[in-house]
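Colleague: Quick one: this structure, given as structure tokens, is what I'll be asking you about.
The values are calculated or read from the model by the stated rules, or taken from the named source; none is laboratory data. Keep in mind that what you see is a predicted model, and the values were worked out from it rather than measured. Every residue, glycine among them, receives a Cβ derived from its backbone with ideal geometry; neighbour counts consider all protein chains shown. These area figures cover heavy atoms from the full protein model, side chains too; ligands, DNA and RNA do not enter into them. Shrake-Rupley method; radii C 1.70, N 1.55, O 1.52, S 1.80 Å.
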Amino acid sequence: MPKLAALGGTPVVENGIRIKWPEIGPEEREAILATLERGEWCRLWSDECSEASLFEAEWARYHDARFCVAMANGTVALMCAFRALGVWHGNEVIVPAVTFVATADAVGLCGATPVFVDIDPDTYQIDPAAIESAITERTKAICVVHYAGYPADLDRIRELSERTGLPVVEDCAHAHGTEWRGRKVGAHITLGCFSFQQSKSLTAGEGGAVITDSQELADLLWAVHNVGRTRDAARYTHTSLGGNFRMSEWQATVLRSQLARLQEQTERRMRSAQIIAEGLAQIEGLSVLKPDSRITQRGFYFFIIRYESSKWDGVHRDVFLKALQAEGIPCGTAYGWPVYKNPSYASGSVPHKVAGCPNADRITAEEQIAMSNHLLLDTQNARLLVEACAKIRESIEELHRLVQN
Ligand SMILES: Cc1ncc(COP(=O)(O)O)c(C=O)c1O
């Protein structure tokens, strides 16, 4: 009898792990009804009592940042951030090769050129040395992504920003709750952007925000996200180019209730991550991203497992992945490839530059395994994941049979 579920054996999780996300309760229901009754469903002005303004204050406080501007989603948050920094036609913005396409598309939507640079093989984060090599006289900004909730090396990136004078956008769409040296990521250097889309660890289905310590940038962000109005402008007076990228009162209402849950959920996810890290330390050929004592709290989007095929008799990552999925563990390869391999970029229809990214190419093709952060909400799932990995390791001969299937 084969042991592996992929060959007909009994799976570790019969019918697979079911993930319940988002978590809701009476707080969300009551808050939505209150917004419904109030009848103000759109926040046009800096009204301190609106749900969007209250969320902005709470999100800024959570990050120990001075300002927050709530936005419709994470893509426009990035776009508005780039516009506030003056990114425009003819400029270049340096971005990591491994991220969601929106990081780079937001650059293109400003008429500028994303320049893809490589990632560090141990952390999967943008490589500061690669950023430095890619800087040209056209470079207008650097965008780092705290990929999978693991922070980019903010010490080296801050030093680079100070030395070159280039502003830094932290794309924090994966990193709600992540801390670098005791402070949440986002406003460490210039500004930081968030997404609250359904799959994120803080969500209202859709939503976004930008945080910063700069009054000047906060004012620019306000104008660009509110059709070019200044905060105190008359309704139809527009002083700069902008769009309607505002967050609705519905989104802000849900986010405020969900934010009250975030810290406890982050701690639960971290407990699961610890269980997985300890479990995988006993299994040859599997590991997690490099621990770093400067990371004082980890938020998660993906939970990443590194697969080393040379320690699995050369069996490809995708075969292991098939076996793990068959055991009932939902997992995949995250975005599957570096952004520039998407048809929009690879076909040449979206202008861009690639600064040679061998780590990004190899890691996405052979090494990276990703789980949703929601799996981590239940520590039992973490134990099942470790059990399934250990079972596959014990059945390595059967894995060879799976290769032939
Ligand atoms: C790294 C990253 N940046 C930006 C975004 C864009 O956010 P949104 O989907 O809210 O527009 C996402 C969304 O998944 C993301 O993962």
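Colleague: Roughly speaking, what is the centre-to-centre gap between the stretch 166-186 and the stretch 40-87 when only Cα atoms are used, to the nearest Å?
Modeller: Centre-to-centre distance over Cα atoms comes out at 16 Å.
Colleague: Using a 1.4 Å probe and ignoring any ligands, DNA or RNA, find the accessible area of Asp361 and quote it in Å² to the nearest 10.
Modeller: Approximately 50 Å² for this residue.
Colleague: Under the definition of Cα pairs under 8 Å and six or more residues apart, what whole-number percent is the relative contact order of the stretch 225-326?
Modeller: Relative contact order, the stretch 225-326: 17 percent.
Colleague: Turning to a different aspect of this structure: When you take every Cα atom in the stretch 26-258, what is the radius of gyration, and what is Dmax, the widest Cα pair distance, in Å?
Modeller: Answer for the stretch 26-258, Rg first and Dmax second: 17.2, 56 Å.
Colleague: Pull up the cross-link candidates among the aspartates and glutamates for Lys322, meaning alpha carbon to alpha carbon under 13 Å and not fewer than 8 places away within one chain.
Modeller: Qualifying aspartates and glutamates at Cα under 13 Å: Glu398.
Colleague: Using Cα-Cα distances under 8 Å and only pairs 6 or more residues apart, what relative contact order does the chain have, in percent?
Modeller: Relative contact order of the chain: 22 percent.
Colleague: How big is the dipole moment of the stretch 26-258 about its Cα centre under a simple scheme where the beta carbon of each Lys and Arg is +1, that of each Asp and Glu is -1, and everything else is neutral? Debye, nearest 20, please.
Modeller: That gives a dipole near 460 debye.
Colleague: With only Lys, Arg, Asp and Glu charged, each at its Cβ (+1 for the first two, -1 for the last two), find how big the charge dipole of the stretch 53-132 is about the Cα centre; round to the nearest 20 debye.
Modeller: So the magnitude is around 440 debye.
Colleague: Please give the per residue accessible area of the chain, computed with a probe of 1.4 Å over protein heavy atoms only, in Å².
Modeller: 41 Å²
Colleague: Treating only the Cβ of Lys, Arg, Asp and Glu as charged (+1, +1, -1, -1), what charge dipole size does the chain show about its Cα centre? Round to the nearest 20 debye.
Modeller: Charge dipole, the chain, about its Cα centre: 280 debye, nearest 20.
Colleague: If you rank Asp122, Asp313 by how much accessible surface each has, with a 1.4 Å probe, what is the order from largest down?
Modeller: Asp313, Asp122
Colleague: I would also like to ask the following. Of Leu154, Leu33, which has the most accessible area and how do the rest follow, probe 1.4 Å?
Modeller: Leu33, Leu154
Colleague: With a sphere of radius 13 Å drawn around the Cβ of Leu259, what net charge do the other residues whose Cβ falls strictly inside it have (Lys, Arg +1; Asp, Glu -1)?
Modeller: Spelling it out: positives minus negatives among the neighbours equals -2.
Colleague: DSSP beta bridges in the chain, what fraction antiparallel, as a percent rounded to 5?
Modeller: Here the share of antiparallel DSSP bridges comes out near 60 percent.
Colleague: For the chain, with all protein chains present and a 1.4 Å probe, just round the carbon and sulfur fraction of the accessible area to a whole percent.
Modeller: Of the solvent-accessible surface of the chain, carbon and sulfur hold 52 percent.
Colleague: Got a number for the accessible area of Tyr340? Probe 1.4 Å, square angstrom, nearest 10.
Modeller: Tyr340 exposes around 20 Å² with every protein chain in place.
Colleague: Take every Cα pair under 8 Å in the stretch 26-258 that's 6+ residues apart, average their separations, divide by the length, and report that relative contact order as a whole percent.
Modeller: Taking the mean separation of contacting Cα pairs over the length of the stretch 26-258, I get 26 percent.
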